[in-house]
Structures are given as C-alpha cells and as structure tokens.
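Rule-based calculations on the coordinates, nothing more; no lab input. Model, not experiment: these values are computed from the prediction. Methodologically, a virtual Cβ is constructed for each residue, glycine included, from the backbone with ideal geometry; neighbour enumeration extends over all protein chains shown.
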Amino acid sequence: MPKFKTVRGMRDFLPKDAEKMRYVEVAARNIARLYGYGEVITPIVEHYNLLTAKSGEEIRKRMYAFRDMGDRRVALRPEFTASIARLVTAKMRQEPKPMKLFCAGSLYRYDEPQYGRFREFWQANYELIGSSKPEADAEILTLTYDLMERLGFRNYWFKIGHVGILRGILTQETVAEEQQNTIVQLLDKKKWNEALTATHKLGASQSCVAVLKKLLETRGKDVSKVLKEAKHVVEGYEGAVAAVENLQEILELTRNSGIKFETLIEAGFARGLEYYTGMIFECYVPNIEVALAGGGRYDKLIELFGGEPTPALGVAQGIDRLVLAMKKHGVTPKVPEKTKVMIIPVDEELRTKAIELSINLRKAKIPAEVEVMGRAVSKALSNADRREVTHAVIVGPEELREGKVVLKDMKNREQRTVEIANLSKEILEDTS
C-alpha cells in the first residue's frame with residue numbers, strides 16, 4: 001500500500017495544535033459577542049464569478065477553481081467578504097443597520113507554501129455593514145487591537161493607509177478604475193517603479209507621477225506628522241485630501257477613546273483586493289513577515305452584487321497565523337487547568353461499573369474516560385500520566401462492596417478512598 005501524505009500546502013493539526021487553534025477561535029468569538037456581531041455560516045464552495053468580481057488579479061490566479069458535475073464553474077472561497085456581500089444582498093436586505101456579522105472557517109489559495117502562508121488557512125472575519133461614519137472604522141481597528149491584547153501580544157503594530165488617497169489622485173487624472181486596479185496590484189507587490197511607470201503609461205501627467213513618488217515616501221510612526229505631510233503632498237487633488245482628512249479623523253477617534261497601539265502610517269499603502277475604497281490596515285508582530293490581520297472599507301461591493309448602495313468595512317484575522325505568532329513570541333494561551341479523569345477497573349468484571357461511573361461524572365460536567373486497553377493498574381496509571389490525566393479512579397472489588405472507589409490525584413501522587421456518591425464533589429473540590 002502507498003504511504004499517503006497531506007496534499008502540498010495542507011496540514012494536519014494534532015490535538016495540542018488543534019487546541020491552540022480553537023483557543024484563538026474562541027477568543028475571536030468572544031470578541032464578536034462583546035462587540036455585538038452575530039455569527040453567520042457561508043459555503044466553502046461559491047460561484048466563480050462571485051469570488052472573482054473584485055478579488056484582485058493575484059487572488060484570481062490562485063483560486064481553487066473547477067467545474068462541478070452540473071458544469072457550473074465554482075471555486076473554493078479564498079476570502080470571506082464576497083460571500084458576506086452575497087448573503088447580505090440576497091437574504092438580509094431588510095435587516096436593520098448596521099449589520100454586524102462574524103464568521104470563522106477555512107479558506108483556500110494556491111500560494112507557494114512557506115512560513116505563515118499555506119494553501120488551506122483559517123480566519124476569523126468581522127463585517128460592519130451600513131455605516132459610512134469614521135466611528136465604524138475605529139471600531140474595526142479597536143476590536144482587532146482587543147483580540148491582540150486578549151491573546152497576550154505586546155510588540156505588535158498596525159500598518160494603516162487609505163485607498164482613497166491613491167484613487168483620488170488617479171480619478172482626477174482620469175485614469176479608469178480598471179487601470180487603477182493594475183497600479184494598486186503593483187503597489188501591493190511593492191513594485192514601486194513599475195507602478196509609477198504604469199501610471200504614466202496609463203495617461204497620468206508627469207506631475208501626477210511625481211506626486212505618487214513622493215506619496216510612496218511619505219510614511220512613519222508619527223501619525224500627525226505623516227498625515228500633515230501627506231495632505232501637503234496631495235494638495236490640489238480634492239478626493240485625496242478628503243481621504244487624508246478621513247483617515248486623520250478615524251485615528252483621532254481611536255486614540256482619543258483610550259486605545260493605544262503602535263502605528264505605521266503609509267500614505268501609498270495598497271492591498272491586493274480591488275474592492276477597497278477607504279481606510280485599509282494590517283497588523284504585524286516582529287520577526288514574522290506576513291500580516292496577522294488585515295482589512296478595510298469597501299463601500300461599493302454590495303451594490304456591485306445587486307444590492308442598494310451600502311457602505312461597509314471589515315477585518316479578517318488569521319487564526320493559524322496568530323497561533324504561529326504566539327509560538328514564535330512565547331505567548332502562552334491562558335487556558336485554565338482542565339480536569340481529566342481516567343477510570344480504571346481492576347478486572348474485567350468491573351468494566352460495567354467503570355462505564356457507569358464515567359457517565360455519572362460527565363453528567364456532572366467532569367471530563368471522564370474509561371481505560372479500554374485492558375491494562376493492569378500500574379500500566380494504566382503510567383499511561384494516564386502520559387495523557388495528562390489529573391485524577392485516576394480505581395475501581396476495585398473490595399472498595400466497591402462498600403460503595404467506594406480509590407481516587408488518586410495524579411499531580412500530587414496522593415490517593416484516598418471516597419464514597420461513590422461523593423466522587424464528583426471530591427474531584428471538583430480538588431480542582432477548585
């Protein structure tokens with residue numbers, strides 16, 4: 001028989017790894033609950049045309065696309081926002097605004113596998129739909145900050161920009177939107193010179209190219225200074241000036257509310273997805289080049305899919321990337337110690353009683369399993385140690401005749417005989 005391996009770019013998660021993934025997912029769900037986001041579940045498989053409408057050329061090239069048995073062209077979702085926009089357009093038109101939606105799950109892109117970048121990956125996704133106000137943008141920044149803090153990160157920073165700055169300049173230069181997308185894609189890949197050359201070839205003036213070149217150099221951690229400089233650079237481009245002012249208002253709202261995080265402003269920052277219209281951002285930690293979270297405003301996507309003109313924005317947080325970053329930075333999940341009980345019958349005649357005891361413990365919400373390998377007590381206890389069991393319950397005939405069992409604290413190596421009627425209470429008192 002051949003030895004099968006995982007498909008390239010896919011991963012298995014063993015129990016310890018899966019536990020960390022779920023820990024981050026639960027933290028993300030708690031944030032959703034605290035901020036009033038309701039969970040929705042969308043399909044992994046969507047129509048190809050939906051996913052490619054505004055995804056950007058780079059993602060279109062890397063989608064898992066195929067024809068199903070009905071000869072429909074479909075694809076595995078590469079991100080969540082298109083699915084959410086479809087859902088809102090098709091089934092949630094009458095919902096009161098703002099709509100706050102949360103989802104979590106796996107996504108697929110045919111990337112070259114490398115550290116922090118795989119072909120199957122997981123995200124927690126938040127979408128705030130219906131508000132064009134800067135306080136909505138501030139909320140998306142705040143909840144991302146909140147998750148980073150709750151997970152225990154400290155040396156992280158947000159890279160922030162505004163697509164409206166770039167698009168405001170190009171629109172005034174009468175560069176068509178599709179041509180603007182070409183420039184955005186080049187900037188997203190950090191191909192600065194190619195982007196400037198393309199801008200000139202697409203009909204923009206030489207003075208416009210000079211403005212863009214200066215804009216790309218306008219970056220730094222002093223928010224007020226960088227935004228003031230950016231506003232001066234784009235002077236004369238009305239839409240770009242308005243975008244700088246919008247970004248300034250968003251960041252002032254965030255900081256004045258007491259949220260403090262390190263910020264890197266990049267006036268020429270662009271993300272690969274074509275649907276962004278306003279503020280965009282990514283979150284990073286030292287020594288990891290990929291973003292742990294990213295998002296921004298997309299005010300035209302729902303209208304593109306047939307809905308009413310609806311402002312919207314969101315953020316996706318990489319669950320598996322956050323786990324990698326926690327490991328890299330020594331961030332330990334704050335998981336409370338778990339009670340785990342192993343019930344060991346001394347002989348086969350006592351198996352039924354062992355199963356009965358396990359059922360009763362689970363009714364008391366105590367995790368319990370029965371030794372099912374037929375091991376002798378000494379070997380069963382040794383195995384329980386390896387499995388990080390906190391308590392062993394030894395079911396013996398003599399104790400059982402008196403309505404008792406032996407309860408062993410595996411951490412302290414202490415054991416005592418207890419009444420079966422009090423077993424769950426005794427275990428809970430040990431772990432309280």
For this session: Report the label-to-label distance for Glu135 and Glu39 in nanometres (one decimal), using points 7 Å from each Cα along the Cα→Cβ vector.
Result: 2.9 nm
Exercise. Among Ile420, Ile265, Ile129, whose mean-square fluctuation peaks in a Gaussian network model of the chain (Cα, cutoff 10 Å)?
Worked result: Ile420
Problem set entry | Phi-based couplings in Hz for the stretch 373-388 (Karplus 6.51, -1.76, 1.60; Gly and Pro marked x) | 9, x, 6, 5, 4, 4, 5, 5, 5, 4, 5, 4, 4, 5, 8, 6
Exercise. Dipole of the chain (Lys/Arg Cβ +1, Asp/Glu Cβ -1, origin at the Cα centre): which of Val26, Gln317, Gly70 lies farthest to the positive side?
Worked result: Gly70
For this session: Give, as ranges by residue number, the residues of the stretch 139-181 whose backbone N falls under 20 Å from the point 7 Å along Cα→Cβ of Gln206.
Result: 170, 173-175
Exercise. If you place +1 on the Cβ of every Lys and Arg, -1 on the Cβ of every Asp and Glu, and leave all else neutral, what size is the dipole of the stretch 360-432 about its Cα centre, to the nearest 20 Debye?
Worked result: 240 debye
For this session: At 0.36 nm per residue, minus the direct Cα-Cα distance, what do Glu388 and Asn30 gain on full extension? Give it in nm, one decimal, please.
Result: 126.1 nm
Exercise. Calculated from the structure, Cα extents along the principal axes in Å equals which of (i) 88, 56, 43; (ii) 94, 54, 44; (iii) 66, 36, 35?
Worked result: (ii)
Problem set entry | CD proxy at 222 nm, helix term only [per DSSP H run n ≥ 4: -39500 (n - 2.57); per residue of the chain; nearest 500] | -13000 deg cm²/dmol
Seminar exercise, completed: Counted neighbours (other Cβ, 10 Å), sorted fewest up, put His47, His391 in the order His47, His391
For this session: Go ahead and set up a Gaussian network model of the chain, Cα springs under 10 Å, then flag whichever of Val45, Val226, Val418 fluctuates most.
Result: Val418
Problem set entry | Placed amide H near Ser55: partners under 5 Å, 5+ positions off or other chain | Glu274
Seminar exercise, completed: Expected vector for the stretch 175-191, Karplus 3J(HN,Hα) from phi with 6.51, -1.76, 1.60 and θ = phi - 60°, integer Hz, x for Gly and Pro, equals 7, 4, 4, 5, 6, 4, 4, 4, 5, 4, 4, 5, 5, 4, 7, 6, 8
Seminar exercise, completed: Length gained if Trp157 through His329 is fully extended, taking 0.36 nm per residue and subtracting the Cα-Cα distance, is 60.5 nm
For this session: Run the quick spin-label model on Lys91 and Ala242: label points 7 Å from Cα toward the beta carbon, then report their separation in nm to one decimal.
Result: 3.5 nm
For this session: Would you mind computing Rg(Cα) / (2.2 N^0.38 Å) for the stretch 34-126, counting N as its residues?
Result: 1.16
Exercise. What value does the stretch 50-100 have for Rg/Rh, both radii from Cα atoms and Rh as Kirkwood defines it?
Worked result: 1.07
Problem set entry | Extension gain, Arg8 back to Ala65 (0.36 nm per residue minus Cα-Cα distance, nm) | 18.9 nm
Problem set entry | Size of electric dipole in the chain: Cβ of Lys, Arg +1 and of Asp, Glu -1, about Cα centre, debye, nearest 20 | 800 debye
Exercise. Using alpha-carbon pairs under 8 Å, 6+ residues apart, how would you state the relative contact order of the stretch 15-328 in percent?
Worked result: 24 percent
